[in-house]
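What follows draws every value from the coordinates through simple rules; no lab data is involved. Please read these numbers as outputs of a predicted model, since none were measured by experiment. With ideal geometry, Cβ positions are generated from the backbone for all residues, glycine too; neighbour counts draw on all protein chains shown.
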Amino acid sequence: MPIIVLAGDEDFELYRSLKRHKEKLLDPQWASFNFARITRPGLQDIADNALAVPFGPGNKVIVFEDCDLFTKKRTKADKSAGDSQSKQNKQLEHLDDALASVHQNTYLLFACPANFDKSLKTSKIMAKHATIEEFARPKFYVGSPNPQLETWCRKEAKQHGVTIDDRAISYLLDGTEADLRQIASEIEKAAVHILPKTHITYDLVVELSPHHDHVFALLDHFLAGRGQEAFASVDELLSRQPAIKILATIQTFLSRWVEMKAVVEDAHSHLPGGPGIKKRELPLPEQAKRIHSVMKIHPFVAEKDLKRLAKWNSRRLLEKKEQLTDLEHKVKTGRLKDISALQLFLAG
């Protein structure tokens with residue numbers, strides 16, 4: 001079909017596919033005549049351009065970028081934007097007719113960086129005429145194996161003519177929280193670095209890629225009260241990334257941990273208690289299940305975090321989060337250097 005809808009929240013792979021389609025379909029010598037790009041199109045924009053024909057030999061390619069007509073990303077305000085229901089119905093009928101009349105050498109490519117919603121009227125019309133390519137982001141939990149993403153990493157390495165250690169793959173997935181764009185960049189960087197060799201090792205990836213693995217070490221030392229080791233981890237991290245980025249990462253983890261401990265403490269508060277009844281606590285696996293049901297964090301990951309937080313309660317974590325928020329504000333307003341803020345956070 002000359003109409004292709006690329007939809008999904010995994011935008012890195014989506015735009016890669018869009019680029020491949022464009023390169024395959026468009027004659028670069030005729031691109032100035034036969035290529036058009038329209039951002040956030042409306043129904044009328046699509047219907048009008050659907051009837052365009054190529055100039056000269058080859059194909060005409062029209063890219064509709066950041067299109068939200070077929071996804072849940074679209075807000076109610078966007079949907080109603082001054083159009084009556086009867087007018088929208090006429091536009092949909094016009095769109096249906098226009099899509100049915102697309103020239104065989106005119107290609108309409110829709111880039112929709114959100115998941116395709118089959119229940120929408122626009123989606124049902126588009127599905128009649130188009131090929132739908134979906135790019136949903138795989139679910140990933142730090143510390144848990146993910147065969148789908150591990151295979152993706154191996155294929156990515158193969159594109160650069162190299163192989164990669166399983167440990168290196170786990171390091172990249174955990175360190176980036178499965179950010180495929182960043183992983184692709186790191187694999188490419190490593191593949192170039194090892195030339196003329198063809199195997200990427202774990203040690204090389206650790207050397208080249210400043211990821212959360214180092215932040216995990218810092219946070220482990222901090223939570224365990226190992227101040228000297230924490231400051232040593234800071235020195236290592238600062239050689240790889242700015243302090244303000246480290247502060248932002250710590251803030252993310254603190255927010256998650258505060259909520260996790262609050263969920264557990266709330267569950268414990270509802271357990272039987274009173275005179276003569278020994279204080280009870282849920283087993284660690286049960287605590288992890290409670291967290292999963294509320295926060296959608298994988299139980300394996302939740303249990304690992306709870307072990308780290310064994311000596312901390314939500315109130316103490318919240319105090320550290322408030323301290324960090326204040327320090328970040330001082331950095332952003334120029335009253336404090338980011339390195340000093342990080343040191344004060346760890347020392348306080």
(request) Sketch the reach of a paramagnetic label on residue 270 as a point 7 Å from Cα along Cα-to-Cβ, and name the residues of the range 286-317 whose backbone nitrogen lies under 18 Å away. (result) 286-297
(request) Compute the FRET efficiency between residue 236 and residue 65 as 1/(1 + (r/R0)^6), taking r as their Cβ-Cβ distance and R0 = 41 Å, and round to the nearest 0.05. (result) 0.50
(message) Give the separation of the Cα centroids, the range 161-238 to the range 83-157, in Å.
(response) 34 Å
(request) Kindly express, to the nearest 10 degrees and within the range 0 to 90, the angle between helix 212-223's C-alpha long axis and the longest C-alpha principal axis of the chain. (result) 30 degrees
(request) Determine the relative contact order of the range 215-324: mean sequence separation of Cα pairs under 8 Å and six or more apart, normalised by residue count, in whole percent. (result) 29 percent
(message) If a paramagnetic tag sat 7 Å from the Cα of residue 148 along the Cα-Cβ line, which residues of the range 292-326 would have the backbone N under 11 Å from that point?
(response) none
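Determine the gain in length on full extension of the stretch residue 202-residue 295; use 0.36 nm per residue of separation and subtract their C-alpha separation, reporting nm with one decimal.
Working: separation 93, 0.36 × 93 = 33.48 nm, distance 3.17 nm.
30.3 nm is the gain from fully extending residue 202 to residue 295.
With a/c under 1.5 counting as rounded, go ahead and sort the range 114-167 into rounded, prolate or oblate using the C-alpha gyration tensor (a ≥ b ≥ c being the square roots of the eigenvalues; past the cut-off, prolate if a/b is larger than b/c, else oblate). Mind showing how you got there, number by number?
Working: a/c = 5.94, a/b = 2.13, b/c = 2.78.
Note, shape of the range 114-167 comes out oblate.
For residue 194 and residue 284, calculate 0.36 nm times their separation in residues minus their Cα-Cα distance, and state this gained length in nm to one decimal. Provide the component values of the computation, followed by the final result.
On the way: separation 90, 0.36 × 90 = 32.40 nm, distance 4.38 nm.
In short, 28.0 nm is gained.
Does the range 141-285 come out rounded, prolate or oblate by the C-alpha gyration tensor, with a ≥ b ≥ c the root eigenvalues, rounded set by a/c under 1.5 and, if not, prolate when a/b is larger than b/c and oblate if not? Walk me through the numbers on the way to the answer.
On the way: a/c = 3.22, a/b = 1.95, b/c = 1.65.
Here the range 141-285 falls in the prolate category.
On average, how much area does the Cα convex hull of the chain cover when viewed from any direction, in nm²? Display every interim value, and only then the final one.
Values: hull surface 100.6 nm².
Averaged projected area of the chain's Cα convex hull equals 25.2 nm².
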(request) Could you give log10 I(q)/I(0) at q = 0.25 Å⁻¹ for the range 147-209, computed by the Debye formula over C-alpha point scatterers of equal weight, without solvent? (result) -1.04
(request) Using only Cα atoms, tell me the angle between helix 180-193 and the longest principal axis of the chain; keep it within 0 to 90° and round to the nearest 10. (result) 80 degrees
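If each DSSP helix of 4+ residues adds -39,500 (n - 2.57) and the sum is divided by the residues in the chain, what number results at 222 nm, nearest 500 deg cm²/dmol? Could you put the intermediate results ahead of the total?
Working: 17 runs with 204 residues, N = 348.
Computed ellipticity for the chain at 222 nm equals -18000 deg cm²/dmol.
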